[in-house]
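Asks: The structure follows.
The values are calculated or read from the model by the stated rules, or taken from the named source; none is laboratory data. This one's a predicted model, so the numbers in the text were calculated from it and none came from an experiment. Quick reminder, even Gly has a Cβ in these numbers, built from the backbone with ideal geometry, and neighbours come from all protein chains shown.
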Amino acid sequence: MKKLLFLTVVLFSAAYTFAQPSVEISRDHNGSKILKGFISKKDLVTDTAFAWFVQNQKGYSPSADVVKQYAVSKDSINILVFGGTWCDDTKHLLPNFIATIDAAGIPANHLTLIGVDRDKKTLFNLAEAFNITNVPTFIAMKNGKEIGRVVEYGRMGLPEKELAAMIAAAK
């Protein structure tokens, strides 16, 4: 796991050092816009191709208990989310997940969104390094170690709640 974390840090550093593009934009056979690589919440909120993000956050109110669980650890955890801008599960789950962690006050630099293509590949081989097979995948990291992950809907159908419980248990 330490080698994996080291590899990830090296890849992130290399991406910024060599000023390579951190995102690749393409379209699939349906015309859906696909972001592959590092994406930001701003990308999802401002690009009309991703109107689903804002639309799916409307009317969603995060659970106060779940928000508290994240808030307690907000400065000591990092969250990686692998998702597909083409993926119906990502379109449904990601907006609510981000609303929850935003309500908890998790700093923006503690969240990394990584877009994958339909083959679950991303730039810098990050999907392979983190063994991503389905999206969305939500991964909590603490002190450079993975403390939990939820793939798609998880066991409960509420990935934000399930990941919060894993974070709380890792104290």
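Asks: Report, by residue number, each residue of the stretch 105-136 that is closer than 18 Å to residue 84 by Cα, outside any loop (DSSP other than H, G, I, E, B) and touching a residue at least 24 places away in the same chain (Cβ under 8 Å).
Replies: 111, 112, 113, 114, 115, 123, 124, 125, 126, 127, 129
Asks: Here's something else I'd like to know. Having 3 or more residues that are touching a residue at least 24 places away in the same chain (Cβ under 8 Å) and touching a Phe, Trp or Tyr at 6+ places or on another chain (Cβ under 6 Å) is the bar; report the helices (runs of 4 or more DSSP H) wholly within the stretch 41-104 that clear it.
Replies: Helices (runs of 4 or more DSSP H) meeting the threshold: 88-103.
Asks: Using the structure shown, decide if residue 82 is at pLDDT 95 or above and in contact with a Pro (Cβ under 9 Å, 6 or more places away or on another chain).
Replies: Yes.
Asks: Now a separate question. Kindly indicate the residue of the stretch 107-120 that is closer than 25 Å to residue 88 by Cβ and more than 12 Å from the chain's Cα centre (by Cα) and also surrounded by the fewest Cβ atoms within 10 Å (Cβ to Cβ) among those meeting that condition.
Replies: 119
Asks: Considering only residues that are buried (at least 17 other Cβ atoms within 10 Å of the Cβ) and in a loop (DSSP other than H, G, I, E, B), which ones fall in the stretch 153-167?
Replies: If the condition is that a residue be buried (at least 17 other Cβ atoms within 10 Å of the Cβ) and in a loop (DSSP other than H, G, I, E, B), then 154, 158 are the ones that fit.
Asks: Could you tell me which of the residues 37, 31 is on the phi > 0 side of the Ramachandran plot and modelled with pLDDT of 95 or more?
Replies: Going through 37, 31 in turn, the sole match is 37.
Asks: Here is a further query. Scanning for something out of contact with any Lys or Arg (no Cβ under 8 Å at 6 or more places or on another chain), under 26 Å from residue 27 (Cβ atoms) and surrounded by fewer than 19 Cβ atoms within 10 Å (Cβ to Cβ), does the stretch 77-90 turn up at least one residue?
Replies: So far as the stretch 77-90 goes, yes, one or more of its residues are out of contact with any Lys or Arg (no Cβ under 8 Å at 6 or more places or on another chain), under 26 Å from residue 27 (Cβ atoms) and surrounded by fewer than 19 Cβ atoms within 10 Å (Cβ to Cβ).
Asks: Also, quick follow-up: Give me the pairs, please: first residue somewhere in the stretch 137-151 and farther than 11 Å from residue 163 by Cα and of a type outside the set (D, E, K, R), second residue anywhere and at pLDDT below 95 and surrounded by fewer than 21 Cβ atoms within 10 Å (Cβ to Cβ), beta-carbon distance under 6 Å, and either six or more positions apart or on two chains.
Replies: 144/5
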